[in-house]
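A short worksheet on the structure shown next.
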Amino acid sequence: MSVQHDLHSHSTASDGSLRPSELVRLAKLRNIDVLALTDHDNIDGIREAWFEAAKVGLQLVAGAEISVSWGRSKTIHIVGLNLDIDNPILLKGLQRLCEFRQWRSEEIGLRLAKKGIEGALAGARTFARGNIIGRVHFARFLIEQGYAKDMKQVFKRYLVQGKPGYVPGDWATLEEALDWIHNAGGQAVIAHPARYRLSATRLRQLLGEFQDLGGSVLEVVSGSHSRDEIQRMAQLCSDCGLLASAGSDYHGPENPYMDMGKLPRMPANCMPVWESSAWIASRKTQAAITPNSLPLAL
Ligand code: AMP
Ligand code: MN
Ligand code: MN
Ligand code: MN
């Protein structure tokens with residue numbers, strides 16, 4: 001059997017619903033050999049996941065999914081893999097994004113209150129359990145209160161651009177995100193490229209800028225890509241000379257994308273990032289690192 005990689009997943013450290021240790025145990029059960037924990041804009045779950053991975057015999061890749069503002073109004077996600085989670089430049093950058101998230105959550109609360117929805121910030125905070133707040137936490141509150149029946153509906157009604165609970169992002173620039181990732185010794189990946197609704201020209205432009213900044217990986221196989229999109233992204237990846245990544249973007253059992261352990265195969269025309277020399281060198285460096293403190297309580 002070949003080695004199974006899932007290089008994109010979320011825990012309760014951001015908007016996933018399983019604790020890092022639970023996520024690692026599930027991945028092991030589903031025969032994943034190499035799992036990247038890539039929570040939004042933070043690495044707070046990594047130590048707990050790392051300890052659990054060592055216990056159950058799974059390779060944990062320390063990652064993060066960084067929110068980036070690109071062009072006039074797009075939010076793009078850049079996954080960093082094999083990160084040195086003690087790197088001060090990375091930590092300072094992520095800290096800034098978490099401060100923006102804090103401000104944004106207050107703003108979302110105020111905007112929903114203006115529409116007659118009281119207590120949304122407190123509700124979202126309860127779902128976030130002390131971790132950073134994302135739109136998914138507001139979504140869970142709104143569903144609980146009966147404003148929508150499921151995740152898809154609640155985003156469409158309240159949380160996407162043009163709706164009351166959407167606050168435009170002031171995230172990292174593409175250059176900053178790549179700088180943080182590269183400083184921390186990691187590989188930068190454009191996450192779920194088919195999800196941004198960019199024209200072919202704009203997507204090529206994004207890839208061009210990304211490559212000029214030293215980015216080298218495209219997430220070809222994603223839990224949020226259709227079979228068709230995987231084929232299209234594979235072609236683009238190979239045309240541009242990028243490496244390919246694969247990740248479920250798993251958020252927990254009620255995830256709208258895909259269950260853990262169900263990722264389609266990497267298309268044959270792509271070179272998987274895990275076969276690259278940069279990846280192999282990073283894995284060696286990572287193997288030599290011992291997490292320097294106890295797991296953080298989440
Ligand atoms: P945030 O980073 O807080 O703005 O939230 C982004 C997250 O919201 C994504 O990572 C997904 O987990 C979730 N999300 C975004 N759009 C949708 C959607 N249409 N349906 C369900 N979940 C979504
Ligand atoms: Mn998410
Ligand atoms: Mn994403
Ligand atoms: Mn994600």
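The values are calculated or read from the model by the stated rules, or taken from the named source; none is laboratory data. Note that this is a predicted model, so its numbers are computed, not measured. Note that each Cβ is placed from the backbone with ideal geometry, even for glycine, and that neighbours are counted across all protein chains shown. What goes into the accessible areas is simple: the full protein's heavy atoms, side chains included, and nothing from ligands, DNA or RNA. Shrake-Rupley method; radii C 1.70, N 1.55, O 1.52, S 1.80 Å.
Of everything in the range 131-165 that is over 19 Å from the mean Cα position of the chain (by Cα) and of a type in the set (Gly, Ala, Ser), the residue that is surrounded by the most Cβ atoms within 10 Å (Cβ to Cβ) is 165.
Among the residues of the range 180-201, some residue qualifies, meaning at least one is closer than 21 Å to residue 61 by Cα, aromatic (Phe, Trp, Tyr), modelled with pLDDT of 95 or more and assigned to a helix (DSSP H, G or I). Could you look through the range 40-79, keep only residues that are within 16 Å of ligand 1 (Cβ to nearest atom) and of a type in the set (D, E, K, R), and pick out the one that is nearest to residue 282 (Cα to Cα)? So the residue we want is 65.
Inspect the range 227-240 for any residue being within 17 Å of the chain's Cα centre (by Cα) and closer than 23 Å to residue 2 by Cα and give the result as yes or no. Within the range 227-240, none of the residues are within 17 Å of the chain's Cα centre (by Cα) and closer than 23 Å to residue 2 by Cα.
Taking every residue in the range 86-112 that is more than 15 Å from residue 134 (Cα to Cα) and pairing it with any residue that is open to solvent by 80 Å² or more (accessible area, probe 1.4 Å) and outside any helix (DSSP H, G or I), at least 6 positions away or on another chain, the pairs with Cβ-Cβ distances below 9 Å are 86/292.
Filter the range 229-257 down to the residues that are of a type outside the set (A, V, I, L, M), open to solvent by 10 Å² or more (accessible area, probe 1.4 Å) and over 26 Å from residue 27 (Cα atoms) and list them by number. If the condition is that a residue be of a type outside the set (A, V, I, L, M), open to solvent by 10 Å² or more (accessible area, probe 1.4 Å) and over 26 Å from residue 27 (Cα atoms), then 232, 235, 238, 239, 240, 241 are the ones that fit. For the range 129-164, filtering for residues that are within 16 Å of ligand 2 (Cβ to nearest atom), of a type outside the set (Lys, Arg), in contact (Cβ under 8 Å) with a residue 60 or more places away in the chain and closer than 21 Å to residue 44 by Cβ leaves 5. A count restricted to the range 114-128 and to residues that are in a helix (DSSP H, G or I), in contact (Cβ under 8 Å) with a residue 40 or more places away in the chain and open to solvent by 20 Å² or more (accessible area, probe 1.4 Å) stands at 1. Selection of the range 201-228 for residues being farther than 29 Å from residue 259 by Cα and open to solvent by 20 Å² or more (accessible area, probe 1.4 Å) yields 201, 202, 204, 205, 208, 209, 211, 212, 213, 214.
Filtering the range 124-136 to residues that are within 16 Å of residue 154 (Cα to Cα) and in contact with a Gly (Cβ under 9 Å, 6 or more places away or on another chain) leaves 124, 135, 136. Going by what's in this entry, would residue 124 be described as within 30 Å of residue 286 (Cα to Cα) and touching a His at 6+ places or on another chain (Cβ under 6 Å)? It is false that residue 124 is within 30 Å of residue 286 (Cα to Cα) and touching a His at 6+ places or on another chain (Cβ under 6 Å).
Note on the range 1-113: enclosed strands (runs of 3 or more DSSP E) holding 2 or more residues that are open to solvent by 10 Å² or more (accessible area, probe 1.4 Å) are 59-62, 64-70, 74-81. Residues considered: 177, 194. Of these, the only one that is within 16 Å of ligand 3 (Cβ to nearest atom), within 16 Å of the chain's Cα centre (by Cα) and without any contact (Cβ under 8 Å) to a residue 60 or more places away in the chain is 194.
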